[in-house]
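The structure appears below as structure tokens.
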Amino acid sequence: MSMIDEVIQKVKSKDKDQPEFIQAVTEVMETLRPTVDKHPEFVKAKIYERIVEPDRMIIFRVPWEDDNHEVQVNRGFRVQFNNAIGPYKGGLRLHPSVNLSIVKFLGFEQLFKNALTTLPMGGSKGGSDFDPKGKSDAEVMRFTYAFMRELYRHIGPDTDVPAGDIGVGGREIGYLFGYYKKIVNEHTGVLTGKGLEYGGSLIRPQATGYGVTYFAAEMLATRGTDFGGKVVAISGSGNVAQYAVEKVTQLGGKVITMSDSNGVVVDEEGINAEKLVFVMDLKDVRRGRISEYLHKYPQAKYFGGKSVWDVIKEESLHVDVALPCATQNEISEDHASALVKNGVVCVAEGANMPSLLGAIKIFQDNHVLFGPAKAANAGGVAVSGLEMSQNSMRLSWTSEEVDSRLRDIMKSIHKASLEAAEAYGRKGDYLAGANIAGFIKVARAMLAYGIV
Ligand code: NDP
Ligand code: 2IT
């Protein structure tokens with residue numbers, strides 16, 4: 001058995017109840033095979049074995065009181081995966097599905113993603129099985145305070161810097177930062193995604209959605225084309241999806257889908273800037289459901305209980321570009337085959353691990369440009385890194401400055417992924433390239449430290 005197979009096997013047996021983590025490790029390790037012969041120093045120092053074991057995993061009780069004065073108990077997580085190249089950095093997810101497997105897979109992905117951004121950030125992730133849906137602002141506030149009451153002792157601007165993810169946006173970051181500041185008595189850059197009034201960066205809300213679109217544009221450019229006139233399918237209707245819709249539309253593409261966990265809207269006339277304003281108000285202010293899109297735009301169609309990828313398959317919708325921006329494992333092998341059949345030329349992952357391993361293989365076998373999450377959605381954490389820099393310098397850059405840095409970073413990730421793919425015999429394979437480039441940077445740092 002090869003060393004890589006042994007590492008995968010060990011994770012499968014040690015962490016057998018963690019399917020998402022096993023999936024993420026398998027995806028990365030499979031693509032690292034070409035690094036083994038070229039880097040005996042990594043093999044000797046057991047970097048491959050060491051990198052799949054988090055530095056530490058913190059699991060804690062989060063008790064809080066709901067509006068009926070009933071005590072509720074949730075489970076909180078922070079997995080500090082690896083800080084070889086900088087302070088731990090990564091988002092917090094609030095969703096009923098959150099468990100150790102999901103937080104570990106996200107932390108592992110974050111490690112390589114952050115290495116690709118060119119900025120000095122290690123990898124971590126956290127969250128809770130708390131479901132913000134249907135909760136009052138006061139309940140969300142009490143929960144986030146209770147969560148921070150434990151988390152604060154594990155984080156810090158030079159230790160670990162959390163941010164948003166599913167279920168954590170501006171409101172939650174405000175409460176989390178406010179409570180941290182209160183109990184620690186420090187106004188530091190301990191969280192990113194903050195409001196502009198208290199240390200946030202311009203363009204951070206836009207960064208992941210804009211970044212995934214910039215990345216897809218770079219991929220399209222390698223085939224001499226761009227977003228002009230392209231039909232684009234986007235899943236989700238949260239932070240990442242919204243700003244992907246905005247940027248794709250600005251670049252001349254036509255977005256025909258958005259979704260939430262209840263169903264899908266298909267608007268073949270295109271979800272333009274005006275319609276997007278409606279969606280943003282619906283999702284972020286009124287906290288409504290995407291089905292309500294039809295109250296305002298009745299010419300669109302709604303498919304309840306389905307995903308964007310189900311609907312493309314069942315309705316045979318033509319799609320040039322697909323940007324999954326909802327959640328993990330939303331694109332199965334069947335969905336991938338249907339996308340290929342319906343004309344897709346480019347898939348860029350806004351969400352983390354939205355494609356099953358078999359789906360990725362189908363895209364690659366059919367010469368679809370495939371941009372893996374850790375490269376394509378790195379714009380969010382990259383601008384978080386820029387927020388940390390601005391906080392440390394005690395100044396703030398203009399939106400033009402931040403957007404131009406974001407664009408440069410996405411270009412550089414695209415280039416680094418292609419170069420690493422070519423150097424390790426996987427020309428044109430963005431998945432292998434991104435994993436190898438991210439890994440090499442972290443591995444070199446780990447090697448420099450000796451055995452710690
Ligand atoms: P939001 O909470 O803002 O939005 C999530 C969207 O996805 C919502 O429309 C939600 O629907 C939908 N969704 C979530 N879970 C499921 C599910 N299990 N099945 C179907 N739909 C679902 O989160 P973000 O936009 O921030 O995150 C989306 C993805 O992007 C995640 O994978 C996240 O990890 C990734 N990401 C986020 C970054 C960021 O900066 N925020 C950076 C990089 C990646 P509903 O409203 O019904 O829950
Ligand atoms: O998955 C991700 O990269 C994020 N949720 C953003 C993390 C961050 O620290 O900005």
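Below are the figures for this structure:
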| read-out | value |
| --- | --- |
| Sole exception among (1) surrounded by 14 or more Cβ atoms within 10 Å (Cβ to Cβ); (2) part of a helix (DSSP H, G or I); (3) not aromatic (Phe, Trp, Tyr) for residue 259, by number | (2) |
| Where a residue in the stretch 356-374 is more than 18 Å from residue 19 (Cα to Cα) and its partner, wherever it lies, is assigned to a helix (DSSP H, G or I) and of a type in the set (Gly, Ala, Ser), with Cβ under 7 Å and at least six apart | 362/336; 362/337; 363/336; 371/216; 372/434; 374/434; 374/438 |
| Set 195, 229: member being on the phi < 0 side of the Ramachandran plot, in contact (Cβ under 8 Å) with a residue 12 or more places away in the chain and either buried (at least 24 other Cβ atoms within 10 Å of the Cβ) or not hydrophobic (A, V, I, L, M, F, W, C) (or both) | 195 |
| Residue list for the stretch 364-381, filter: more than 16 Å from ligand 1 (Cβ to nearest atom) and either among the β-branched types (Val, Ile, Thr) or crowded, with 24+ Cβ neighbours inside 10 Å (or both) | 368, 370 |
| Residue within the stretch 243-259 that is under 19 Å from residue 228 (Cα atoms), touching a residue at least 24 places away in the same chain (Cβ under 8 Å) and among the aromatic types (Phe, Trp, Tyr) present | yes |
| Criterion violated by residue 118 - all others in (1) on the phi > 0 side of the Ramachandran plot; (2) free of Cβ contacts under 8 Å to residues at least 40 places away in the same chain satisfied | (2) |
| Unmet criterion (only one of (1) surrounded by 18 or more Cβ atoms within 10 Å (Cβ to Cβ); (2) on the phi > 0 side of the Ramachandran plot; (3) more than 16 Å from ligand 2 (Cβ to nearest atom)) for residue 264 | (2) |
| Flag for residue 218 being assigned to a helix (DSSP H, G or I), of a type in the set (Asp, Glu) and touching a Phe, Trp or Tyr at 6+ places or on another chain (Cβ under 7 Å) | no |
| The stretch 65-96, residues that are surrounded by fewer than 24 Cβ atoms within 10 Å (Cβ to Cβ) and either β-branched (Val, Ile, Thr) or more than 21 Å from the chain's Cα centre (by Cα) (or both) | 65, 66, 67, 68, 69, 70, 71, 72, 73, 74, 75, 85 |
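A short reminder: the numbers here are calculations on the coordinates, not readings from a lab. Note that the structure is predicted; figures quoted are calculated from it, not measured. Counting neighbours? That spans all protein chains shown, and the Cβs are built from the backbone with ideal geometry, glycine included.
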